[in-house]
Amino acid sequence: MIIVMEPMATEEDIQRVVRKMESLDFKIILNRGDVMTVVAAIGDKKLIDPSSLASMEGVREIKLIQEPFKLASRESQKADTVIDLGFGVRIGGNNPPVIMAGPCSVEDNKDGLLKTAHAVKAAGAKVLRGGAFKPRTSPYDFQGLEELGLKYLAEAREKTGLLVATEVMDSQDVDLVADYADIVQIGARNMQNFKLLKAVGKINKPVILKRGAAATVREFLLAAEHIMHNGNSNVILCERGIMGVDTHFTRNTLDLLAVPVIKKYSHLPVIIDPSHGTGRRYLIAPASKAALVIGANGLMIEVHHDPDNAYSDGAQSLTIEQFNTMMQELKELENVIYKTQTTK
Ligand code: PEP
Ligand code: MN
């Protein structure tokens, strides 16, 4: 790390910092400029809290030389991570975008789920999404069918050949959910539930990690790091909108630039959830198109056989017909993107 001293720092201030770092076995390189002194300290960052260092007398600021996420970083792996999701579907790198679609919640209408599953499969989706464990703001809202919902999802997989992605909310349920799901999802509200991140780090199923509504990209990547550090490197990052200033017209603010930003600093695949990202049905198609153009590796879209009567998130769910139309448009767009990539 680099410790920049104040121009007014005394020699005693500088030596206090040097002694502290040397006592922790850091190697010190002192650069005494005309205006200020810079201390480069090389060693094990775990041993020191940079914020306590920053508050020492005479210290102006601390700069970390390396990003704090390691396994998730481009520095540790140059090539894009490609994850085999099953059924021959691969996500990441130059693979075509993987479309994940399905209802917000798995409801007590199995036929409705199967109807949606068959329809999204026919339109080109590869993954069926649907929550059996639902994180709801109010305890009076539908909380999910839990294991019964997982059973419905597994039946939909049997009948359609779609892979299944579903959320786990509690570390105690990780094995249960992983038994049914092909991809385990960590929701935005749990992005920093470190016990849960640790638990999904120990399974051998891919994990979709959704960005917290108030999380920076760095915090997002550090959450992924927790999963990878515990042994599971198959992490798919999902941008799903962050809190913005306008909640009148949109539910969240979809941070599309998170895609190229993450891709610069990390090798992990990134997908976009335009349903939660916008909260409005009419914004899903434009947001999805923009997501593909900006380089997303996939989309997660809420689709319901009867959105007006959905138990959750109907307003941000496409009808089956709307999904069909959008998928046609996305295929045309994909061809254009592919052509521009190959002629570059
Ligand atoms: C979901 O995908 O069903 C969900 C609850 O999304 P988020 O965690 O992004 O709010
Ligand atoms: Mn939802």
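The values are calculated or read from the model by the stated rules, or taken from the named source; none is laboratory data. Treat the numbers as computed from the prediction; the structure is a model and nothing was measured. Neighbour counts run over all protein chains shown; Cβ positions are idealised from the backbone, glycine included. Calculation scope for accessible area: heavy atoms of the full protein, side chains included, ligands and nucleic acids excluded. Shrake-Rupley method; radii C 1.70, N 1.55, O 1.52, S 1.80 Å.
Before rounding to the nearest 500, sum -39500 (n - 2.57) across all DSSP H runs of length at least 4 in the chain and divide by the residue total; then give [θ] at 222 nm in deg cm²/dmol. The helix contribution divided over the chain gives -10500 deg cm²/dmol. Against the chain, whose longest principal axis is taken from its Cα atoms, helix 147-160 shows a tilt of about 70°. Each peptide in 59-69, 229-239 was scored by the mean count of other Cβ atoms within 10 Å over its residues; highest first, the order is 229-239, 59-69. Computed from the C-beta positions of TYR140 and GLU11, the FRET efficiency with R₀ = 41 Å rounds to 0.05. Placing dummy labels 7 Å off each Cα toward the beta-carbon, the span from ASN95 to LEU176 is 2.9 nm.
Taking 16 Å as the straight-line reach from the Cα of LYS198, the aspartates and glutamates in range (excluding those fewer than 8 positions away in the same chain) are GLU167, ASP170, ASP173, ASP175, GLU219, GLU225. What a 1.4 Å probe finds exposed on segment 2-63 is 52% carbon and sulfur by accessible area, rounded to a whole percent.
Mean separation of Cα pairs under 8 Å and 6 or more residues apart, divided by the residue count, gives the chain a relative contact order of 15 percent. Listed by chain and number, the aspartates and glutamates placed with their C-alpha closer than 12 angstrom to that of LYS27 are ASP44; residues fewer than eight positions away on the same chain are left out. Spacing of the modelled spin labels on ARG280 and GLU57, each 7 Å from Cα toward Cβ, amounts to 5.8 nm. Nearest 10 degrees is fine. How inclined is helix 284-293 to the longest principal axis of the chain, computing both from alpha carbons? With rounding to tens, the tilt is 50 degrees. Stretching the chain fully between ILE294 and LYS195 yields a gain of 32.4 nm (0.36 nm per residue, less the alpha carbon separation). Each Lys or Arg adds one and each Asp or Glu subtracts one; over the other residues with Cβ under 14 Å from the Cβ of GLN15, this totals -1. The angle separating the long axis of helix 217-229 from the principal Cα axis of greatest extent in the chain is about 80 degrees. In the context of the full set of protein chains, residues of segment 207-277 present 37 Å² of accessible surface per residue (probe radius 1.4 Å, heavy atoms only). For the options ILE14, ILE91, ILE83, a Gaussian network treatment of the chain with springs between C-alpha atoms closer than 10 Å singles out ILE14 as fluctuating the most. Placing +1 on the Cβ of every Lys and Arg and -1 on the Cβ of every Asp and Glu, with nothing else charged, gives the chain a dipole about its Cα centre of roughly 780 debye.
Under 28 Å of direct C-alpha separation, and excluding same-chain neighbours fewer than eight residues apart, LYS339 reaches these lysines: LYS78, LYS121, LYS126, LYS263, LYS264, LYS289, LYS331.
Of all beta bridges that DSSP places with both ends in segment 83-342, some 15 percent have antiparallel geometry.
Hey, with R₀ at 41 Å, roughly what FRET efficiency would GLU155 and LYS264 work out to, going by the Cβ-Cβ distance, to 0.05? E between GLU155 and LYS264, to the nearest 0.05, is 0.50. Fully extending the segment from LYS202 to ILE29, taken as 0.36 nm per residue of separation minus the present Cα-Cα distance, adds 58.3 nm.
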